[in-house]
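Bear in mind these aren't lab numbers, they're just calculated from the coordinates by the rules spelled out. Predicted, not measured: the structure shown is a model, and the values here were computed from it. Neighbour counts run over all protein chains shown; Cβ positions are idealised from the backbone, glycine included.
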Amino acid sequence: MGIQEQRAELDRAVEGRTICTTLAATAERHGGRPAYSDRIDGEWRTLTWADTRTRALETAAGFAALGLEPGDVVALMMPNRSEHVLADLGAVHAGGTPTTVYATLPPDQVAYIAGHCSARYAVLDGRDQLDRWLPVLDRLPALRKIIVVDAAACPPGDRFLTWDAFTGLGRARLAADPAGIDRRWRSVRPGDTVTLLYTSGTTGDPKGVLITHSMVLHEAALVKRTSILPDHPSGISYLPFAHIADRVLSYYLPVGLAAHVHFCPDPTQLTSILPDVRPHSFFGVPRVWEKIMAGIQAVLSAEQDPSRKAAIAGALEAGRAHVRAQEHGGTPDPGATAAFEAADKAVLAPMRALLGLDRVLQASSAAAPLPVEVARFFAGLGLKIFDAYGMTETTGAVTANLSDSFKLGTVGRPLPGVELTLAADGEILVRGATCTPGYLGRPDATAALIDADGWVRTGDVGRLDADGFLTVVDRKKELIITAGGENIAPSPIENHLKEHPLVGQALAYGDRRPYVVALITLDGEVAPVWAAAHGIDSTGLAALAEHPLVLDEIARAVDDANARLARVQQVKRWRLLPAEWTAESEELTPTLKLKRRVVHGKYASAIDALYTP
């Protein structure tokens, strides 16, 4: 089937539908099934799909009672919890446009986003979120009402309303005027905006990406068509809803599948929630997989029993060989299968069970290319991580590795109905039903994004192999051009450095310079454990960054990375910094990608020093 036939088939599958009609159908067919669960004081509190739709209509009625008009923007700043989805669904059913704002943004960036989209309403979780909004309220005259989930944190005054009071208002309005609320959600059309998501601002001010009902339903249909998940799968939601991946996987897709989503409001709780939920699918941005890998490696390196250490190493190799034989539709020979099954029973399955990944049928990664070494490590555990590629502007994945067609180290092939090509300079161009019509209020940026033939310019440089698998080389604007004229992608260098468990983040630099240097930070979780195992008393990152044993180990990590790099890519000098990089300290985006311009500016003197004899 050709691309256009695939596209037509998907068009028919979602024709005339919206998230509102999809939720109504799911509540009717699967109303008693679990939908969303929150862990409160160690116990799971669950809404069924019937509950979810009732609450969605109540919150829609609440917004209607507050005066929301079609198209009004509702800004949401909450962790992953049921109220976040209910507020979003309520805004959509009332005809409004929800936008989730990253919870790590400082007040000035909150003011920029809320002001840019003229947000009329905001739903905030509690004190931390209020502290980011209260200082800039005088700069947001369009903001009419702020709803606060934590009643104890809700300030006095007419501008504020508790969540309980808001939902009570909605229940009363829905009881008094059910026909009016019914007319609201039925008037929503597939081409209407279902959410406005702001880019994470790695290259300047965030841009508001317009995403429609039709786009998210097309994306959900693509995921459903290419997945190997069972009916009504279970999953965990822990990435921000300001990130397109979790919106698709933990909101739009579950509405159609009647899936069961468990919320993890604090990502640091993930390791305790995973074994409790044992999800069928698990998605992680590369840094999440890297941190899980680093934790496993730290435990394995502490193993003292030689026979057990050898058994684990043999089992991991059997797992890697088994997965390697399956790449690009291959079939393992009987010997490799038998070796894997024995290793899986004795070692690998128990290890996955300890992690809570023993029921995972579909593990995936996106947001940035997953380093192939990380993919190979988890293959050793018998877990295939299917890397995908996409962006907010394409409603998530447009290419993916699939169970019957994958190559580790690539981001897979284009999904059904997606057109993909490379420009003359290698830039990845995409066209399809999931592509945005543009940016809110930014015709200049929209024109730069979408060409006259409808191709979305992704800004990423890629390479297609003979089998049609895509490899993302790097961001087009992030390529290093050395003083000698060499074009170097920094991310492969950084990924090699981050393979060492001690390394938390790394930035390679060398633009218009004679050679490549690197700034390196320690992993805040692994470094203290490593230090204690090596007899180092102080476990603070600042002290460890100066300790000779730590510096020697980082030097070995750099040497190991350099051994796998071309001479022009090799790191000639480096510096270990005394603190982690985080979204709060602004070196990382909320999705844990490097903000290179921020790092370049913040550590300019440290970079210059690396070029000083």
Problem set entry | For the chain, share of DSSP beta bridges that run antiparallel, in % to the nearest 5 | 55
For this session: May I ask you to derive the FRET efficiency for residue 301 and residue 575 from their Cβ-Cβ distance with R0 = 25 Å, giving the value to the nearest 0.05?
Result: 0.50
Exercise. For the stretch 21-99 and the stretch 381-423, what is the separation of their C-alpha centers, rounded to whole Å?
Worked result: 30
Exercise. Which ³J(HN,Hα) values, rounded to whole Hz and listed in residue order, are derived for the stretch 457-462 from phi using the Karplus coefficients 6.51, -1.76 and 1.60 in 6.51 cos²θ - 1.76 cosθ + 1.60 with θ = phi - 60°, glycine and proline given as x?
Worked result: 7, 7, x, 9, 9, x
Exercise. Roughly what % antiparallel, to the nearest 5, for the DSSP beta bridges in the stretch 480-609?
Worked result: 65
For this session: Take the Cα radius of gyration of the stretch 480-609 and divide it by 2.2 N^0.38 Å, with N its residue count; two decimals is plenty.
Result: 1.04
For this session: Grab the Cα-Cα distance for residue 584 and residue 1, subtract it from 0.36 nm times how many residues apart they are, and report the gain in nm with one decimal.
Result: 205.1 nm
Problem set entry | Crossing angle, helix 286-301 versus the chain [Cα axis fit, 0-90 degrees, rounded to tens] | 50
For this session: Mind giving me the nanometre distance, one decimal, between the label points for residue 309 and residue 403, set 7 Å out from Cα along Cα→Cβ?
Result: 3.8
For this session: For the stretch 299-383, count all C-alpha to C-alpha pairs, find those more than 16 Å apart, and express that count as a whole percent of the total.
Result: 57
Problem set entry | Residues in the stretch 175-218 reached by a label modelled at residue 21 [backbone nitrogen below 18 Å; 7 Å Cα→Cβ] | 182-195, 212-218
Exercise. Peptides 380-387, 568-575: what's the order by average Cβ count within 10 Å, highest mean first?
Worked result: 380-387, 568-575
For this session: Provide Rg and Dmax in Å for the stretch 530-570, with only Cα atoms included in the calculation.
Result: 13.0, 39
Problem set entry | Partner lysines for residue 476 [C-alpha distance under 16 Å; skip if fewer than 8 residues away on the same chain] | 593, 595
Problem set entry | Links that overshoot a 21 Å alpha carbon limit, given the list 345/498; 291/384; 224/384 | 345/498
Exercise. Quick one, what does Rg over Rh come out to for the chain if you take C-alpha atoms and the Kirkwood Rh?
Worked result: 0.96
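What order, most packed first, do the peptides 129-135, 277-283, 4-10, 521-527 have when packing is the mean number of other Cβ atoms within 10 Å of each residue?
277-283, 521-527, 129-135, 4-10
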Exercise. How much length is gained on full extension from residue 487 to residue 338, taking 0.36 nm per residue of separation minus their Cα-Cα distance?
Worked result: 49.1 nm
Exercise. Once the Cβ-Cβ distance between residue 225 and residue 612 is put in as r, and R0 is 51 Å, what FRET efficiency do you end up with, to the nearest 0.05?
Worked result: 0.35
Problem set entry | Gain on full stretching of the segment that runs from residue 134 to residue 205 - 0.36 nm per residue minus C-alpha separation | 23.4 nm
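Over the chain, what relative contact order in percent results from Cα pairs under 8 Å that are six or more residues apart?
Reported as a whole number, the value is 11 percent.
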For this session: Only residues of the stretch 334-367 count here: report those whose backbone N is under 14 Å from the spot 7 Å along Cα→Cβ of residue 465, or say none.
Result: none
For this session: Identify all aspartates and glutamates with a Cα-Cα distance to residue 602 below 16 Å; exclude those on the same chain that are fewer than 8 residues away in sequence.
Result: 580, 584, 586, 587
